[in-house]
Amino acid sequence: MVMAYLEYISELLYENDCVIVPGLGGFVANYKPASLSKGTHVSFNPPSKTILFNAKLNHNDGLFIDFVASEKEISFNEARDEVFAFVKQVKHRLRTGERIDISSVGFLRNNPEDKLEFEPVYDSNLLVESYGLASFTLAS
């Protein structure tokens, strides 16, 4: 069950700038323009999204639960109950020291002070407009 919901977060971030998982937190995408870096080699990076996590964005805006309901072809109330069970399971796994990997997005873990931390994946590009574009380096 957990893996499917983690994949839903990734899928939703392709099309949305904010995905709130009720009771867990919000994944916020910010546009990052293309960049060119010059040094001993010239590197080009296409535009992308950088992902941040805010545990205080945990109210239900409907997006995530609606998506779950649609994907699983169940009612909104059933999807809400499943999402709450998913969040409970994730929080339990985090409390036991497990790291929760979210494909193409990053991972969640509890730090030594028992605070939720998010580490984004930097080599993934969730910007639909940049689909298929890769970073490259030119040798001088």
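The values are calculated or read from the model by the stated rules, or taken from the named source; none is laboratory data. Bear in mind the structure is a predicted one, so any value in this text is a computation, not a measurement. Don't worry about glycine lacking a Cβ; one is built from the backbone with ideal geometry, like all the others, and counts go over all protein chains shown. Heavy atoms of the whole protein, side chains included, go into the accessibility calculation; ligands, DNA and RNA do not. Shrake-Rupley method; radii C 1.70, N 1.55, O 1.52, S 1.80 Å.
Quick notes
- Within the same chain, aspartates and glutamates fewer than 8 places from LYS115 are excluded, and of the rest, those with a Cα less than 20 Å from its Cα are GLU98, ASP101.
- Summed over the residues of the chain and divided among them, the accessible surface reaches 60 Å² per residue at a probe radius of 1.4 Å.
- Mean separation of Cα contacts under 8 Å (6+ apart) over length of segment 1-106, as relative contact order %: 31 percent
- Distant-in-sequence amide H partners of ILE20 (H built 1.01 Å from N, under 5 Å): PHE27, PHE64
- Portion, in percent, of the accessible area of the chain that falls on carbon or sulfur, probe 1.4 Å: 52 percent
- Karplus (6.51, -1.76, 1.60) ³J(HN,Hα), θ = phi - 60°, over segment 52-61, in Hz, Gly and Pro reported as x: 10, 10, 10, 5, 7, 8, 10, 7, 8, 8
- For the chain, adding -39500 (n - 2.57) for each run of n ≥ 4 DSSP H residues and dividing by the number of residues yields -10000 deg cm²/dmol at 222 nm.
- Reach of LYS56 by Cα under 14 Å, taken over aspartates and glutamates that are not fewer than 8 positions away in the same chain: GLU117
- At most 13 other Cβ within 10 Å, DSSP loop - GluC sites (Glu not before Pro), segment 1-83: GLU73
- Entry for Cα Rg over 2.2 N^0.38 Å (calculated from the structure that is shown) out of [x] 1.43; [y] 1.10; [z] 1.19: [z]
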